[in-house]
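Accompanying notes for the structure given below.
Readers should treat all values here as calculations from the given coordinates under stated rules, not as data from a laboratory. Just so you know, these numbers come straight off a predicted model, no measurement behind them. Glycine also receives a Cβ, built like all others from the backbone with ideal geometry; neighbour counts cover every protein chain displayed.
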């Protein structure tokens with residue numbers, strides 16, 4: 001089998017496998033797009049290399065299958081230089097492509113204060129606790145939400161932490177994964193490009209309830225998101241004001257009764273005691 005035939009087989013095999021991969025993928029977020037695109041680039045680079053190496057291996061085994069007296073390979077400096085340079089080029093491609101994605105702000109952990117540069121950004125505090133997730137919206141004084149609501153086509157910052165154990169905030173279909181560590185805040189960023197509901201998992205084993213530590217991400221239009229914010233703000237403000245009213249009522253009632261009790265005791269028993277002894 002000559003080199004031309006081997007090259008043709010490798011090319012056809014690479015084309016076949018490339019067609020087997022989904023050629024048109026609908027990405028759900030910028031993070032998902034970056035990661036999946038990198039995976040495809042590396043796959044397309046690995047396929048022809050794998051086919052070439054396996055082809056040479058099978059060819060060698062077949063050609064020398066009846067050789068009972070093998071001879072050592074002669075030194076071929078040109079061949080050695082060729083595969084060394086080829087390997088360096090492949091590694092350089094993998095390194096540059098990977099760094100371009102892993103260093104991107106939509107993939108790597110970003111400083112929390114960078115969101116101040118984007119007036120349209122959304123900030124959500126993601127808190128892991130055995131065995132549930134809680135979402136707070138500090139800019140709107142919304143706390144304790146069990147489901148995560150974010151708007152489509154707007155940058156979103158997730159400030160991930162934990163109160164008791166190491167968890168991992170993981171939304172596979174959005175390309176999001178970040179450890180939740182007690183006492184630390186790790187901020188990740190994304191921009192979701194497709195509305196829908198996405199599953200949240202805990203990707204770090206945290207105990208007997210690990211498998212049920214689930215939640216939902218609801219990606220909605222900007223109008224629906226603003227409407228949801230107003231509803232939550234109204235609910236929180238209504239709950240806090242009624243709570244304050246109850247505290248005022250009970251404390252004032254308690255103070256009055258105490259005052260009444262003091263007046264009663266000082267006015268009657270003490271006075272009476274003084275009169276009787278007199």
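For the range 219-229, the criterion of being touching a residue at least 60 places away in the same chain (Cβ under 8 Å), surrounded by fewer than 18 Cβ atoms within 10 Å (Cβ to Cβ) and in contact with a helix residue (DSSP H, G or I) (Cβ under 6 Å, 6 or more places away or on another chain) is satisfied by at least one residue. Scanning the range 83-98 finds no residues that are in contact (Cβ under 8 Å) with a residue 60 or more places away in the chain, in contact with a helix residue (DSSP H, G or I) (Cβ under 7 Å, 6 or more places away or on another chain) and assigned to a loop (DSSP other than H, G, I, E, B). In the range 111-220, counting only strands (runs of 3 or more DSSP E) that sit wholly within it, the ones holding 2 or more residues that are closer than 18 Å to residue 29 by Cβ span 122-129, 148-151, 156-162, 167-171, 176-180, 186-190, 196-202, 215-220.
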